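What follows is one structure encoded as structure tokens, with my remarks underneath.
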Amino acid sequence: QVQLVESGGGLVQPGGSLRLSCAASGSIFSIQAMGWYRQAPGKQRELVATITSDGRINYADSVKGRFTISRDNAKNTVYLQMNSLKPDDTAVYYCNAVGASANDYLPFRSWGQGTQVSVSS
């Protein structure tokens, strides 16, 4: 099993910044991609940003130029630096990882428990 633990959420004023972290642990042979998704009240979960093990990055149009995703492969950790936050960014942010298990080399897809980000004055 692979566990993801997120941290860094909170309440911030519009225009402010937050940094989210997500560390993966457990039976990990390799991680191909890690990313962040978010779900606002009454809405479907949506992609925020993803990053592959070789550094390919994808952002949602709504966060381009404001959010930066990065990854420490040695630590199996992914970060999301969020700047110029807007009230529309308010949501529960979930970490995601896709890879192969060290137990049986079968693929896995794991989710974190979510961390709340609230942007309000």
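The values are calculated or read from the model by the stated rules, or taken from the named source; none is laboratory data. In this text the structure is predicted, and so the values were computed from the model without any measurement. No Cβ is skipped: glycine too gets one built from the backbone with ideal geometry, and neighbour counts run over all protein chains shown. Quick note on the areas: whole protein, heavy atoms, side chains included, nothing else; ligands and nucleic acids left out. Shrake-Rupley method; radii C 1.70, N 1.55, O 1.52, S 1.80 Å.
Observations on the model:
- Accessible surface ranking that places the most exposed of Asp72, Asp89 first, with a 1.4 angstrom probe: Asp72, Asp89
- Taking trypsin sites (Lys or Arg not before Pro) in DSSP loop states with no more than 16 other Cβ atoms inside 10 Å as exposed sites, the chain has its longest site-free stretch at 67-121.
- Computed from the C-beta positions of Leu11 and Asp72 and an R0 of 25 Å, the FRET efficiency is 0.40 to the nearest 0.05.
- Leading residue at positive end of dipole, the chain (Cβ point charges), from Ala102, Ala24, Ser120: Ser120
- The lysines within cross-link reach of Lys43, meaning a Cα-to-Cα straight distance under 28 Å and a gap of 8 or more places when in the same chain, are Lys64, Lys86.
- Using the 1.4 Å probe convention, the accessible area of the chain works out to 53 Å² per residue with neighbouring protein chains retained.
- Measuring nothing but how far apart in sequence close Cα pairs (under 8 Å, 6+ apart) lie, relative to its length, the chain scores a relative contact order of 37 percent.
- Carbon plus sulfur fraction of accessible area for the stretch 1-74, probe 1.4 Å, in percent: 49
- Nearby aspartates and glutamates by direct alpha-carbon distance to Lys75 (threshold 18 angstrom, same-chain neighbours under 8 apart not counted): Glu6, Asp54
- Taking chymotrypsin sites (Phe, Trp or Tyr not before Pro) across the stretch 19-121, the ones in a DSSP loop with at most 12 further Cβ atoms lying within 10 angstrom of their Cβ are Tyr105.
- Long-range tail of P(r) for the chain (Cα pairs > 20 Å, %): 39
- For Trp111 and Lys64, the difference between the fully extended length at 0.36 nm per residue and the C-alpha to C-alpha distance is 14.6 nm.
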